[in-house]
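J.: So that we are looking at the same thing, I have put the structure below in structure tokens.
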Amino acid sequence: MNGLGRALQILAMVDCGVALLIGVLNPAAYAIQLVILGSAVILFSLGRLLQKKAHVRSIGGRNNASISESE
């Protein structure tokens with residue numbers, strides 16, 4: 001899950017680059033830039049959420065294992 005989160009974040013960064021390139025090539029295309037940047041925000045947020053979930057699961061798994069070993 002952590003890898004998928006990172007991949008989504010990288011895709012969001014590429015998305016921002018595409019929006020920048022569109023802005024350089026066609027400065028009047030504000031609507032297209034905003035749509036692309038909005039999708040980048042959504043992708044990055046989903047990636048961050050997946051990374052946090054993976055981190056919480058890995059911490060929870062370690063704590064449960066250490067508790068069962070100490071008993």
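Each reported figure results from applying straightforward, stated rules to the coordinates on display, with no laboratory input. Keep in mind that this is a model prediction, so the values were computed, not measured. With ideal geometry, Cβ positions are generated from the backbone for all residues, glycine too; neighbour counts draw on all protein chains shown.
J.: If you go through segment 1-35, how many residues are of a type in the set (A, V, I, L, M) and in contact with a Lys or Arg (Cβ under 8 Å, 6 or more places away or on another chain)?
T.: Qualifying residue count for the region: 1.
J.: Let me ask something else. Could you please tell me which pairs satisfy a Cβ distance under 6 Å, a separation of 6+ or placement on different chains, a first residue in segment 1-22 that is on the phi < 0 side of the Ramachandran plot and polar (S, T, N, Q), and a second residue that is surrounded by 15 or more Cβ atoms within 10 Å (Cβ to Cβ) and assigned to a helix (DSSP H, G or I)?
T.: Pairs that qualify, where the first residue is on the phi < 0 side of the Ramachandran plot and polar (S, T, N, Q) and the partner is surrounded by 15 or more Cβ atoms within 10 Å (Cβ to Cβ) and assigned to a helix (DSSP H, G or I), are ASN2/GLN51; ASN2/ALA54; GLN9/PHE44; GLN9/GLY47.
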